[in-house]
Every structure is written in C-alpha cells, then in structure tokens.
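Chemist: Supplied in structure tokens, the structure appears directly below.
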Amino acid sequence: MSDTKRMNESVGQGLRVVVVTGAGTGIGRATAQAFADQGAGVRVLAVGRRAEPLAGTAERAPERIVPVVADVTAPDGPELIVREALERFGRLDVLVNNAGIAPHATLGGYTREGVGALLATNLTAPVLLAQAALPALTASRGVIVNVSTAVGQRGWPTNSAYAASKAAVDSLTRSWAVELAPLGIRVVAVAPGAIGTPIAAHAGIGPERRAALRAWQLAHTPLGRIGEAAEVAWAVAQLASPQASFVTGVVLPVDGGAVVS
Ligand code: NAD
C-alpha cells in the first residue's frame, strides 16, 4: 500500500483527532502545535489543568486546537478527556501521554504522598487514559505515543523515582505494542533528554539548583546543548504519522546522544 493511500485511509472521514495531555507548557504545547501545523484535517485536544496556558497553546491555530481543562489524575479525568474527543469530533486517532511531573528528591527525601503523586501522574494516568481511549483507538486503528525520558534507560541520582516511573512507561510501551497490535493500534514512545521547558521550575526547584542541574545535563549531552521542545514534538508527530505504519514498540531517544554516551 502506498504512503499516500495509507494516509488517505487513515484520515477516513476527513479528520485526524489528537489528544495531547500536559499541553499548556513545554513539550506538550509544542506537540499540540506541531500536530495542528500538519494541516486543516487535524484537530488537537490540548489537555491541562489550567485554562490560561492552554489558551496560549491554542493561539497558534484556534480553529484546530481545542483547550480541554482536565486533571489526568482525577477519578473521572480519563473518561472526561476521551468523551470530549468523541462528542466534539466523533473519533480519536492519536493519544499523546505527555503530562508528567519530576519532583526531585534523594532517597531519604521521599514521602509516601510524594511518591504516590508522582506515580499517579506519570504511570497510573497513562494506563487509565489509554484504557479509556481503547475503544476509540480500536475503531480508528490509532496510535499511542508515551512521553518517557532518556534517564528511564539509565538512572538519575536525586531523581530516582521519576526515572523509575518513566522506565515503567517504556515497559508499558513495549507490552502494549504487542498486546494491541492485533487491534491495529501502534504504541511508541519518545525519550527526551535535557529539554528547555519549565519542568524543574514546576517541581519547585530554585534557580541555583536549576543552574547546577543544567550544568550536569550539559555535561552528559554529547551534542553539547539543551534541546528544544519543538525537537521532541517533531519526533512525536513523526512516530504518530501514518507513514510510520510499521513502527511499534519503539522508545526513541531525543536526547542529543545522552543515552549512548
Ligand atoms: P512541563 O512541566 O512544562 O510540562 C508538563 C505539563 O504537564 C505541564 O503543563 C503540567 O501542568 C502538566 N500536568 C502535570 N500534571 C498534570 C495533571 N495531573 N493533569 C494534567 N496536566 C498535568 O515539562 P515538560 O518538560 O514539557 O514535560 C513534558 C513531559 O516530558 C513530561 O512527561 C516529562 O517527564 C517529559 N520529559 C521532559 C524532559 C525535559 O528535560 N524537559 C526530559 C525528559 C522527559
């Protein structure tokens, strides 16, 4: 089957509908905008907890990006998000599990509540959202893109539970790729390295520690710079595209060479 034919079939009735969680800032914002840039046939549900950043994301293409205020960890969050997609557009083609938190701590600094919140956002929410989206993704023969991290393949001193939560996301990606292949659903992940986003500020890390963290990241990045959110968004959009139709179960580093150094 030619790429063009596959693309035409995949857009089906004319729309390709994408859900991006954590779309108000950083990689999620860039990803929502990258999908919207693909053309008139794309609709993006930009999901996040606060209306204002989501409105900023939607400014790029208000006719294609729909802000949806929802918390992925709320008991009804996953169902609400999928319902929004189906009620507005009648289909769901791509789920990007991007929302994440990275509350740095040494082993001695973790609390039960802190670890619980970390896992609720980074691990439980993607599971429940993928589950809620399963019937719609089955109908569209859709794609799940998980946003992991390069350190999930290694480890991260002073951020161990975060790295572990993302290693679990890598594992989910591989298991789901096999489990959902008979349904025609592809499952992939991107594993960003050090990217210039507010994630550390969102975790409450002060400017001094953020600078030290940046220096550590730069020292571990062979390409010698911090990546841009748009560079990760590009990889997400490529892996989700119909042309990537034989790619599943892969965790793609987008990290300036960090994991291989
Ligand atoms: P970010 O903090 O800008 O983005 C995360 C977004 O998720 C924020 O907008 C946040 O409000 C949202 N979010 C958090 N909890 C949520 C919830 N319960 N419900 C809805 N939205 C929620 O940081 P980012 O760097 O863009 O992070 C995006 C993803 O990329 C995360 O999964 C992160 O772990 C991953 N990542 C980032 C880097 C990096 O260097 N920036 C590296 C590797 C992986």
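Any read-out appearing in this document is the output of simple, stated calculations on the displayed coordinates, not a laboratory observation. In this text, all values refer to a predicted model and were calculated from it rather than measured experimentally. Backbone-built Cβ (ideal geometry, glycine too); neighbour counts: all protein chains shown.
Chemist: Which percent, to the nearest 5, of DSSP beta bridges fully inside the chain are antiparallel?
Modeler: Antiparallel bridges make up about 0 percent of those DSSP assigns within the chain.
Chemist: Using Cα pairs under 8 angstrom and six or more residues apart, how large is the relative contact order of region 131-213, in percent?
Modeler: It rounds to 36 percent for region 131-213.
Chemist: In addition: Under the rule of -39500 (n - 2.57) per DSSP H run of 4 or more residues, summed and divided by the residues of the chain, what mean residue ellipticity at 222 nm is obtained, to the nearest 500 deg cm²/dmol?
Modeler: It comes out at -13500 deg cm²/dmol, rounded to the nearest 500.
Chemist: Which one, 183, 162, 46, projects farthest toward the positive side of the charge dipole computed for the chain from Cβ point charges (K/R +1, D/E -1)?
Modeler: Projecting each Cα onto the dipole axis, the largest value belongs to 162.
Chemist: Along the Cα→Cβ direction, 7 angstrom out, place labels at residue 178 and residue 238. What is the inter-label distance in nm?
Modeler: So the two model labels end up 2.7 nm from each other.
Chemist: OK, next. Skipping prolines and chain starts, which residues have an amide H placed within reach, meaning under 5 Å, of the one on residue 44, given they are 5 or more residues away or on another chain?
Modeler: Result for residue 44 returns 18, 65, 66.
Chemist: Sorted by average packing, counted as other Cβ atoms within 10 angstrom per residue and highest first, what order do 129-136, 211-218 take?
Modeler: Highest to lowest by the protection proxy: 129-136, 211-218.
Chemist: Now, a different point. Efficiency by 1/(1 + (r/R0)^6): what FRET value for residue 212 and residue 124, r their Cβ-Cβ distance, R0 = 25 Å, to the nearest 0.05?
Modeler: Efficiency, rounded to the nearest 0.05: 0.20.
Chemist: Calculate the length of the line joining the C-alpha centroid of region 40-55 to that of region 71-147, in whole Å.
Modeler: If we compute the Cα centre of each part, the gap is 15 Å.
Chemist: Let's see if you can work this out: charge +1 on each Lys and Arg Cβ, -1 on each Asp and Glu Cβ, no other charges. What is the dipole magnitude of the chain about its Cα centre, in debye to the nearest 20?
Modeler: I would put it at about 220 debye.
Chemist: Here is a further query. Between residue 230 and residue 111, how many nm apart are label points set 7 Å from Cα along the C-beta direction?
Modeler: 4.0
Chemist: With θ set to phi - 60°, apply the Karplus curve 6.51 cos²θ - 1.76 cosθ + 1.60 along region 39-54 and write out the HN-Hα couplings as whole Hz, x wherever there is a Gly or Pro.
Modeler: With the stated coefficients, region 39-54 comes to x, 5, x, 10, 10, 10, 8, 8, 9, x, 8, 10, 5, 5, x, 5 Hz.
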